[in-house]
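The values are calculated or read from the model by the stated rules, or taken from the named source; none is laboratory data. No experiment lies behind these values; they were computed from the predicted model shown. Ideal geometry is used to build each Cβ from the backbone, glycine not excepted, and the neighbour counts take in all protein chains shown.
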Amino acid sequence: MGLLNLKPGFSKNMAKHKVLYIAYDGMTDPLGQSQVLSYLKELSKGEFSFHVISFEKQDVFQEKKEVIDKFIEGYDIHWHPLPYHKSPPILSTMYDNHLAWQKIKELYKEHKFSIVHCRGYTLTSLALKAQKKYGSKFIFDMRGWWPDEKLESGLWSNPIYKPVYHYFKAKERAFFTECDIAVSLTHVGKKAIVDLGLKEADKVDVIPTCVNFDVFKPYSEETRKAQRKAWDIPEDATVFLYSGSVGSNYRTDLVLRFFKKLKKVKANSYLAFLSHSDHNIILDEIKVAGVDEKYCRIKSATYQEVSDMLMVGDVGLIMYNLGFSVIGRSPTKLGEYWASGLTCLSARDIGDLEAIVTSYENSGVLINSLEKEEEYEKGVAEILSLSTNKDKLREYAFDYFALEKGVAAYANIYNELIN
C-alpha cells in the first residue's frame, strides 16, 4: 500500500501541484536518500510532483548515479544533479549558486511551481529570489543553525570568514521573515526561533529526522552473527559503535574516551566506526587517544547496508561539540540505532535528545558533562547496566521517528500553502 494514500477524489490523471526542491546535499550521499528522497517518494504518490536540484561530488556521483535512478524509478520525482565544487573556498560556493540559479530559471520556463522548498542555508537565497520573481510559496527547511555550526566547529575561525558569517546571519533573518513556513528539526530550536523574534510560532513547524523502516529492518540474531564475522569481532564481545561523519563538530575523540572507559571494565570489547569520512582521520584520532588499533574497526556502507551493519554493535554513540548550534540538531542515528536494537550513549543538551531519551525507558544514557572524567565512567557503567529489550527499542524508534509522521507533516505544510 505504501505510506500515503491518495486523497479521496484524487486521480493520477489530475494535474499535480509541482514542487521545486533545492538541496545542497547530494542525493548520492546516504543523507540525501534517507532524509530527502525517502520523503519525496511517498509524497509523490499523492498530488505532488517534484523536481529536485542537488549538488553531487563527482566521484560519488559516477559510482552511485544508477543507484539513485533506480531508487526513484516509477515515482513522480525528476532529478537535476549539478556538480559540487569545493575549492577555492567561498568562490566555489558562489559558482555553485550561479549554476543553481541558471537551472532554476530553466525549470521555471517549463513548469509553474506552486512551492519552492529549500533545504539548508547555502542555496536559500535562490529560493527567496524564486519566491519573489515567480510567486511560488517558499519553505525554509533550515535543518539547523548552519552559520553557527561552521563558526563553532572552527571551520570559520579564520578572520576571512568573519564577513561570511555575518552575511549568512543577516540572510538568516531575511529567510525567516520572508518564508511562508519555516521548518525546525527540534522543539528547542523552534523556541529559539520564536524567542529571537525571527518567526511567529504558528509559522514554524517541527519535523525531526525520520527513519525508513522498510530500509532499517528489525534486529536479527543471524544478521548480528554474520556482521560480527564480517567485522572480525568475537560474538561475545561488547561493542560500542559510532555511525556518521567525523571531524569538525563530530567528536571522535570523545567516542574514544568512552571506549577507553569501557575497555577498563570489559576487556573483551571493541569499537566500530561506520563512516563515509576519511578513515585516516579516525586512525589518527585512535593513535592520539592511545587506543590499541586491534580493538577498533572502520567500515563504510551504502544507505541500504547501514541497517545490517549497525547490528554489529551493542551501544550506539552520539557525540557533537556543545554550543548554541547544537540546539538545532536532530541526530538521525538515534532512530537508526533504536530501530536496529542499539541503546544510545550521549551528552545532554543536544537538540531534543534529553526529552526523547528520558521519555523512553531503558533507551539510553546521557551524561551531564563532557569535561569531567568521572562522567564518562558513570555513563559507561549506566549503559552497561540497562535492562534492554531490542523489540522495545524498535517500538520506541517507530513511535518517535517513523517516516510516516514526517511525510504526513510535510504533506500538511504543502496542503496548507496551496490551499
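Consider ILE139 carefully, then state whether it is touching a strand residue (DSSP E or B) at 6+ places or on another chain (Cβ under 8 Å) and β-branched (Val, Ile, Thr).
yes
From the residues in segment 367-392 that are touching a Leu at 6+ places or on another chain (Cβ under 7 Å) and of a type in the set (A, V, I, L, M, F, W, C), which one is nearest to GLY189 (Cα to Cα)?
LEU370
Among the listed residues SER114, SER153, which satisfies the condition of being of a type outside the set (Val, Ile, Thr) and under 20 Å from LYS169 (Cα atoms)?
Exactly one residue qualifies, and that residue is SER153.
Can you pull out the residues in segment 195-214 that are of a type in the set (A, V, I, L, M) and touching a strand residue (DSSP E or B) at 6+ places or on another chain (Cβ under 9 Å)?
Within segment 195-214, LEU198, VAL204, VAL206, ILE207, VAL211 meet the criteria.
Just name the residue that is farthest from the chain's Cα centre (by Cα) out of those in segment 218-264 that are more than 17 Å from ILE298 (Cα to Cα) and either modelled with pLDDT under 95 or assigned to a strand (DSSP E or B) (or both).
The qualifying residue farthest from the chain's Cα centre (by Cα) is SER248.
Condition test on LYS392, is it charged (D, E, K, R), over 16 Å from the mean Cα position of the chain (by Cα) and either in the same structural domain as LYS263 (by TED's automatic domain parsing) or farther than 22 Å from ALA237 by Cβ (or both)?
yes
Working carefully through the options TYR121, TYR134, TYR95, find the one that is of a type in the set (Phe, Trp, Tyr), surrounded by 14 or more Cβ atoms within 10 Å (Cβ to Cβ) and under 17 Å from GLY26 (Cα atoms).
Criteria check complete, one pass: TYR121.
Are any residues in segment 66-86 within 12 Å of LEU37 (Cα to Cα), touching a residue at least 12 places away in the same chain (Cβ under 8 Å) and in a loop (DSSP other than H, G, I, E, B), and if so, which ones?
Result: ILE72, TYR75, ASP76.
Of a type in the set (Gly, Ala, Ser), in the same structural domain as PHE113 (by TED's automatic domain parsing), closer than 24 Å to PHE113 by Cα and more than 21 Å from the chain's Cα centre (by Cα) - does that describe any residue in segment 17-26?
For segment 17-26, residues of a type in the set (Gly, Ala, Ser), in the same structural domain as PHE113 (by TED's automatic domain parsing), closer than 24 Å to PHE113 by Cα and more than 21 Å from the chain's Cα centre (by Cα): absent.
Among ASN389, ASN412, which is the only one that is closer than 30 Å to GLN304 by Cβ and at pLDDT 95 or above?
Being closer than 30 Å to GLN304 by Cβ and at pLDDT 95 or above holds for just one of ASN389, ASN412, which is ASN412.
Here is a yes/no grid of residues against (1) within 16 Å of LEU271 (Cα to Cα); (2) of a type outside the set (Ser, Thr, Tyr); (3) in contact with a helix residue (DSSP H, G or I) (Cβ under 7 Å, 6 or more places away or on another chain):
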site	(1), (2), (3)
SER300	yes, no, no
LEU310	yes, yes, yes
ASP314	yes, yes, no
TYR320	no, no, yes
GLU336	no, yes, yes
VAL357	no, yes, no
ASN362	no, yes, no
ILE367	no, yes, yes
GLU371	no, yes, no
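Residue by residue through segment 275-290, note down the ones that are surrounded by fewer than 19 Cβ atoms within 10 Å (Cβ to Cβ) and touching a strand residue (DSSP E or B) at 6+ places or on another chain (Cβ under 7 Å).
Within segment 275-290, SER277, HIS279, ILE281 meet the criteria.
Tally the residues that are small (Gly, Ala, Ser) and in a helix (DSSP H, G or I), restricting the search to segment 151-191.
Residues that pass the stated criteria total 4.
Identify the residue in segment 221-251 that is among the hydroxyl-bearing types (Ser, Thr, Tyr) and either in the same structural domain as GLN35 (by TED's automatic domain parsing) or in contact with a helix residue (DSSP H, G or I) (Cβ under 6 Å, 6 or more places away or on another chain) (or both) and, among all such residues, is surrounded by the most Cβ atoms within 10 Å (Cβ to Cβ).
For segment 221-251, the residue satisfying everything is TYR242.
Looking at (1) among the hydrophobic types (A, V, I, L, M, F, W, C); (2) within 30 Å of LEU322 (Cβ to Cβ); (3) in contact (Cβ under 8 Å) with a residue 60 or more places away in the chain, can you tell me which one PHE140 breaks?
Status for PHE140: all satisfied but (3).
Take the residues in segment 66-92 that are of a type in the set (D, E, K, R) and closer than 25 Å to LEU126 by Cα, then tell me which one is surrounded by the fewest Cβ atoms within 10 Å (Cβ to Cβ).
It comes out as LYS86.
Tell me yes or no: at least one residue of segment 17-39 is surrounded by 16 or more Cβ atoms within 10 Å (Cβ to Cβ), under 23 Å from LEU107 (Cα atoms), of a type in the set (Asp, Glu) and at pLDDT below 95.
Within segment 17-39 (the criterion being surrounded by 16 or more Cβ atoms within 10 Å (Cβ to Cβ), under 23 Å from LEU107 (Cα atoms), of a type in the set (Asp, Glu) and at pLDDT below 95), the answer is yes, since at least one residue qualifies.
Would you confirm whether any residue within segment 106-123 is assigned to a helix (DSSP H, G or I), touching a residue at least 40 places away in the same chain (Cβ under 8 Å) and of a type in the set (A, V, I, L, M, F, W, C)?
Yes; the residues of segment 106-123 include at least one that is assigned to a helix (DSSP H, G or I), touching a residue at least 40 places away in the same chain (Cβ under 8 Å) and of a type in the set (A, V, I, L, M, F, W, C).
Among the residues of segment 389-419, write down those that are of a type in the set (S, T, N, Q) and either touching a Cys at 6+ places or on another chain (Cβ under 7 Å) or part of a helix (DSSP H, G or I) (or both).
Passing the criteria: ASN412, ASN415.
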